């Protein structure tokens, strides 16, 4: 063990250590606390410049109600879900199929295909921007949610295939021999043998993809302009322009944008960490 | 038909299975990247036909003072981002004690990592807000006035990078936590017998075992620094007067706001080359490490 564990018997030392860590954590999360506290402030206080003193009245309910009723935030939120969920499902399916082939079939060019999937992930997004935008314009998909869904599925499939291939390659070979001996077709093997075994990997991948896609901002501003299709990230950036100094409302909006991935993370923490460490090649 | 299928199944099935992913990825991602290189040799506004101008865009770019500002800022990002791996390791070491409640504290340290970068950008814009923000509050307790960092050419890039470091440090911390879990007990035990402690232990026994993790942490950090776009866009829109622009943002601005798609593609291509040099270095290192290991 490194660092050396503080012995169980040193109770005071242990307590002091926790206090120290909590202290550092408070500094670490101070920016977040600042935004949470601000989202509780009433508009009168914000306009009057009382941002850190004791509030004259609380605006918690008012602020969050305002975010959902006086702005298109509810719409953005729904858009984000409509974009993120099908994208995640699409990536999971495509990458499981492709990962299975790359892990289990030897053919010429296997390594090359794999390298292209991996390498594509390192590309700066800007190098794809103009042609992808142009492609969506020509397909009549520019400024629709489908444009974002198609792009996200295509891009994330690279990373996800790498992820699934490594996971499937690590399954014992006897399993596949047994399946073949039973007369299972490759497709049956995939559905009845591989998928049940890689469920943890799929869970880890799903939560990572959810976070990546939900948090995307660049493609949201490149491929959408209307409020009816914009996801929350681009929506939040818009609201900032409109509400310039209504920091209590902007803060509440920020919390709304941040909440789903944070909630996902706390619900499926173990999967998230495994996924991230296994897929760290991504960047 | 069934007979034909039976006879060719051995290669048809895998081909059909990999086809959707391969086609989608090649058409949308790979072909687009190549097409950008092609577009960069043209004058194009996105509507009219493209006009071939050879290396004209690059000639203009290398004479554009804004290009060097962006390049310099990308370099600042890169250098400052290198703080993320050591700081991530420090926090990972900090929370590696087995004490009740430590697990919860550990996961709270992760939070910046899952926040949308737009959210991080807004959070830090609020922190930096002159007169009212958290930074102003801190300065005031010490009887000073905080500078308006986001509208000061000298501070702005540093301020944005500090905001971007927040999730990046958390990312490195996650990687190091996994690495610390896999340390060899024997080597550490042997080190303790030899009297290695604290810094010496870390330097000579622990870090050598973390080489692989460090390598990955540096790689994701470099890619993260070169990709920086969201924070710049949300916090400053490249301002004041383009002083916080980076290549990714300059490219976006030239294409989307000025309709100079050829010029934008040229900037993207330069960014791509910088990234490609890095990837080549990364892959050779990885292959060499693999050979040494195997």
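The values are calculated or read from the model by the stated rules, or taken from the named source; none is laboratory data. The shown structure was predicted, so the numbers you read here are calculated from the model rather than taken from an experiment. Counting neighbours? That spans all protein chains shown, and the Cβs are built from the backbone with ideal geometry, glycine included.
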* Being in contact with a helix residue (DSSP H, G or I) (Cβ under 7 Å, 6 or more places away or on another chain), surrounded by fewer than 22 Cβ atoms within 10 Å (Cβ to Cβ) and either in a helix (DSSP H, G or I) or more than 9 Å from every other protein chain (Cβ to nearest Cβ) (or both), is that true of even one residue in segment A:154-165? -> no
* Structure fact -> segment B:13-114: helices (runs of 4 or more DSSP H) wholly inside it with 1 or more residues that are more than 25 Å from residue B:248 (Cβ to Cβ) are B:84-94, B:102-114
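Condition check ((1) away from chain A (no Cβ under 13 Å); (2) under 30 Å from residue A:22 (Cα atoms)) across all residues:
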site: B:26; (1), (2): no, no
site: B:29; (1), (2): no, no
site: B:45; (1), (2): no, no
site: B:56; (1), (2): yes, no
site: B:61; (1), (2): yes, no
site: B:72; (1), (2): yes, no
site: B:91; (1), (2): no, yes
site: B:101; (1), (2): no, yes
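Conditions tested, residue by residue: (1) loosely packed, with under 14 Cβ neighbours inside 10 Å; (2) within 30 Å of residue A:164 (Cβ to Cβ); (3) touching a helix residue (DSSP H, G or I) at 6+ places or on another chain (Cβ under 6 Å).
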| site | (1), (2), (3) |
| --- | --- |
| A:58 | yes, no, no |
| A:82 | no, yes, yes |
| A:106 | yes, yes, no |
| A:118 | no, yes, yes |
| A:124 | no, yes, yes |
| A:135 | no, yes, no |
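One line per residue, one yes/no per condition, for (1) out of contact with any strand residue (DSSP E or B) (no Cβ under 6 Å at 6 or more places or on another chain); (2) at pLDDT below 95; (3) more than 28 Å from residue B:72 (Cα to Cα):
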| residue | (1), (2), (3) |
| --- | --- |
| B:132 | yes, yes, yes |
| B:143 | yes, yes, yes |
| B:151 | yes, yes, no |
| B:164 | yes, no, no |
| B:168 | yes, no, no |
| B:183 | yes, yes, yes |
| B:190 | yes, yes, yes |
* Criterion: exposed (fewer than 15 other Cβ atoms within 10 Å of the Cβ), more than 22 Å from the chain's Cα centre (by Cα) and under 22 Å from residue B:228 (Cα atoms) - qualifying residue of B:185, B:153 -> B:153
* Filter result (without any contact (Cβ under 8 Å) to a residue 40 or more places away in the chain, more than 10 Å from chain A (Cβ to nearest Cβ) and either crowded, with 20+ Cβ neighbours inside 10 Å or not in a helix (DSSP H, G or I) (or both)) within segment B:254-277 -> B:254, B:258
* Asked: For segment B:230-239, does any single residue satisfy the condition of being in a loop (DSSP other than H, G, I, E, B), within 8 Å of another protein chain (Cβ to nearest Cβ) and either touching a helix residue (DSSP H, G or I) at 6+ places or on another chain (Cβ under 9 Å) or at pLDDT 85 or above (or both)?
  -> no
* Structure fact -> In segment B:173-194, anything touching a helix residue (DSSP H, G or I) at 6+ places or on another chain (Cβ under 7 Å) and part of a helix (DSSP H, G or I) is listed as B:173, B:174, B:175, B:176, B:177, B:178, B:179, B:180, B:187, B:188, B:191
* Asked: Limited to segment B:103-120, what total is found for residues that are more than 7 Å from chain A (Cβ to nearest Cβ) and over 20 Å from the mean Cα position of the chain (by Cα)?
  -> 3
* Might you let me know whether segment B:27-46 holds any residue that is within 30 Å of residue A:185 (Cβ to Cβ) and surrounded by fewer than 18 Cβ atoms within 10 Å (Cβ to Cβ)? => yes
* Asked: Taking helices (runs of 4 or more DSSP H) that fall entirely within segment A:1-118, which contain at least 3 residues that are more than 12 Å from chain B (Cβ to nearest Cβ)?
  -> A:60-69, A:73-104
* Looking at segment A:167-283, what helices (runs of 4 or more DSSP H) fall wholly within it and have at least 3 residues that are farther than 22 Å from residue B:174 by Cβ? -> A:173-181, A:186-189, A:218-223, A:232-242, A:247-267
